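Read through the structure below, which is laid out as structure tokens, and then see the notes.
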Amino acid sequence: TDLGTLIEFGPRLKGTLARPASGGRVRFELPLRSVLEINNGVRSQGYALEPEVIYEMRDIGGNWRLSTSASAVIGDSALNQYFYGVPTAYATAQRPAYEACAGLIATRLTINAAKSINPDLRVYGFVRYESYANSANQTSPLYLQTSGSSIGVGVSWALGRSTTMAKD
């Protein structure tokens with residue numbers, strides 16, 4: 001069947017590993033997300049963990065912020081079954097039944113750029129490359145490619161903020 005619209009929700013552990021240069025830092029993020037499908041209701045499709053290491057440089061000429069990161073996306077058996085499993089009812093001669101297992105979904109390399117227009121308005125963009133090589137379910141009949149890429153741009157606007165700012 002077709003995949004529905006997916007949203008992810010969950011906590012994220014963040015920390016700074018090093019500050020190698022003025023305005024630069026190496027940090028990590030460890031989000032654990034519940035993946036929810038919105039398609040005639042809301043259903044949980046499993047969980048994803050995405051450990052990530054980020055190097056960012058702040059305040060680069062004209063309020064720019066640049067970063068690059070590497071991460072691995074790991075799914076539980078339910079999430080991987082959603083993406084790669086073929087239930088017996090949907091099996092054909094060209095697409096045999098397949099039971100997906102938990103494990104690596106993809107590794108990602110990302111480059112981000114953001115520019116603050118004012119304290120409340122920021123424009124940003126990213127380029128991402130994903131590799132599915134060595135994923136846990138490469139033997140699935142639904143595993144059709146070994147890599148992919150994406151690009152995105154956006155605008156964020158803060159509707160309000162506290163009078164006391166957090167410190168890095």
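The values are calculated or read from the model by the stated rules, or taken from the named source; none is laboratory data. This is a predicted model, so every value here is computed, not measured. Positions of Cβ are generated from backbone atoms using ideal geometry, with glycine treated the same way; all protein chains shown enter the neighbour counts. We work out accessible area using only protein heavy atoms, side chains counted, and drop any ligands, DNA or RNA first. Shrake-Rupley method; radii C 1.70, N 1.55, O 1.52, S 1.80 Å.
Residues are listed down the side, and each one gets a yes or a no for (1) under 30 Å from Thr1 (Cβ atoms); (2) polar (S, T, N, Q):
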residue	(1), (2)
Gln81	yes, yes
Ala89	yes, no
Ala113	no, no
Val127	no, no
Glu130	yes, no
Gln138	yes, yes
Ile151	yes, no
Val155	no, no
Checklist entry - Of all the residues that make up the range 139-165, how many are open to solvent by 100 Å² or more (accessible area, probe 1.4 Å), in a loop (DSSP other than H, G, I, E, B) and either touching a His at 6+ places or on another chain (Cβ under 8 Å) or more than 30 Å from Tyr90 (Cα to Cα) (or both)? => result 5
Item to check | Filter pass, Arg161 being in contact (Cβ under 8 Å) with a residue 12 or more places away in the chain, of a type in the set (Lys, Arg) and out of contact with any strand residue (DSSP E or B) (no Cβ under 9 Å at 6 or more places or on another chain) | outcome: yes
Checklist outcome for this item: Flagged in the range 79-92 as within 18 Å of the chain's Cα centre (by Cα) and open to solvent by 50 Å² or more (accessible area, probe 1.4 Å), in numbering order, are Phe83
Checklist entry - Only one of (1) among the charged types (D, E, K, R); (2) surrounded by fewer than 17 Cβ atoms within 10 Å (Cβ to Cβ); (3) more than 22 Å from Thr146 (Cα to Cα); (4) more than 12 Å from the chain's Cα centre (by Cα) is not met by Glu8, so which one is it? => result (4)
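Being farther than 22 Å from Gly152 by Cα and either in contact (Cβ under 8 Å) with a residue 24 or more places away in the chain or buried (at least 17 other Cβ atoms within 10 Å of the Cβ) (or both) narrows it down to one of Arg19, Arg95, Arg33, Arg65, so name that one.
Values: Arg19 fails: either in contact (Cβ under 8 Å) with a residue 24 or more places away in the chain or buried (at least 17 other Cβ atoms within 10 Å of the Cβ) (or both); Arg33 fails: farther than 22 Å from Gly152 by Cα; Arg65 fails: farther than 22 Å from Gly152 by Cα.
Unique residue meeting the criteria: Arg95.
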Item to check | Only listed residue being more than 27 Å from Ile111 (Cβ to Cβ) and assigned to a strand (DSSP E or B), chosen from Glu37, Glu8, Glu29 | outcome: Glu37
Checklist entry - Which condition breaks for Ser71 when tested against (1) among the hydroxyl-bearing types (Ser, Thr, Tyr); (2) under 27 Å from Ser116 (Cβ atoms); (3) open to solvent by 60 Å² or more (accessible area, probe 1.4 Å)? => result (3)
Next on the checklist: Can you pull out every residue in the range 11-24 that is under 22 Å from Leu109 (Cβ atoms) and either modelled with pLDDT of 95 or more or aliphatic (A, V, I, L, M) (or both)?
Outcome noted: Arg12, Leu13, Lys14, Gly15, Thr16, Leu17, Ala18, Ala21
Next on the checklist: Can you tell me which of (1) in contact with a Lys or Arg (Cβ under 8 Å, 6 or more places away or on another chain); (2) of a type in the set (A, V, I, L, M); (3) open to solvent by less than 100 Å² (accessible area, probe 1.4 Å) is the one Val127 doesn't meet?
Outcome noted: (1)
